[in-house]
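Some notes on the structure that comes next.
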Amino acid sequence: MFLSSISPPRYLRIVRASGWYDLLVTWPFALPWTFAWLYAQLGLLAAQLGLPGTLHPLDTTHMLLANLLGSVVVVWSIARIAAPTVLLGRLDGVARVLFSAWQIYAVAHGANAIVLGFTLFELLFGVLQWWRVADAPQAPKISAQALAGT
């Protein structure tokens, strides 16, 4: 079956939209006080919905990892909003597949199912950013020498 391709301008709008989504959803993770508030709200929502799984009490390590994740994703989001490219979209698609895999793994091992709400958007944007783009140039090949800086 032939799948139609996305026009380059439309694809770049998808990359930019994924950046806006990530910025809106993830900025609270970047700061300790906003993440603590968000985590508490997610816990209340999960309890109201009766979702299976556990949301453990926050400790310093959880907060550190959430803040690191939030900081990196905020910067990555701004890059895709300010200068979307096919390469950034493809890389973001890879990251979304990885995020989805780890979220599903966590829920399968006892994390609260509220995480799966995020997983749906990860998979949606991941698929869209890996869709065929009409007349898109091939991503440049990166050699071992280029990675090593030689």
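The values are calculated or read from the model by the stated rules, or taken from the named source; none is laboratory data. These figures come from a predicted structure and were not determined experimentally. Note that each Cβ is placed from the backbone with ideal geometry, even for glycine, and that neighbours are counted across all protein chains shown. SASA here: full protein model, heavy atoms, side chains in, ligands and nucleic acids out. Shrake-Rupley method; radii C 1.70, N 1.55, O 1.52, S 1.80 Å.
A few remarks follow.
- The candidate values were (i) 11.8; (ii) 9.7; (iii) 10.5; the one computed from these coordinates for mean projected area of the Cα convex hull in nm² carries the label (i).
- Phi to ³J(HN,Hα) by Karplus 6.51 cos²θ - 1.76 cosθ + 1.60 over region 99-108, Hz, x for Gly, Pro: 4, 4, 4, 6, 5, 5, 4, 4, 5, 5
- Computed [θ] at 222 nm, helices only, for the chain once each DSSP H run of length n ≥ 4 contributes -39500 (n - 2.57): -23000 deg cm²/dmol
- Most tightly packed first, judged by the mean number of other beta-carbon atoms within 10 Å of their residues, the peptides 99-112, 25-38 read 25-38, 99-112.
- Overall, the accessible surface of the chain at a probe of 1.4 angstrom is composed of carbon and sulfur to the extent of 74 percent.
- The simple spin-label model puts a point 7 Å past each Cα toward its Cβ; for Arg90 and Thr60 those points are separated by 4.3 nm.
- Amide H to amide H distances under 5 Å link Ala111 with Thr54, where only residues 5 or more positions off or on other chains count and H is placed in the peptide plane.
- Against the chain, whose longest principal axis is taken from its Cα atoms, helix 115-129 shows a tilt of about 0°.
- A Förster radius of 25 Å combined with the Cβ-Cβ distance from Trp33 to Leu120 puts the calculated FRET efficiency at roughly 0.35.
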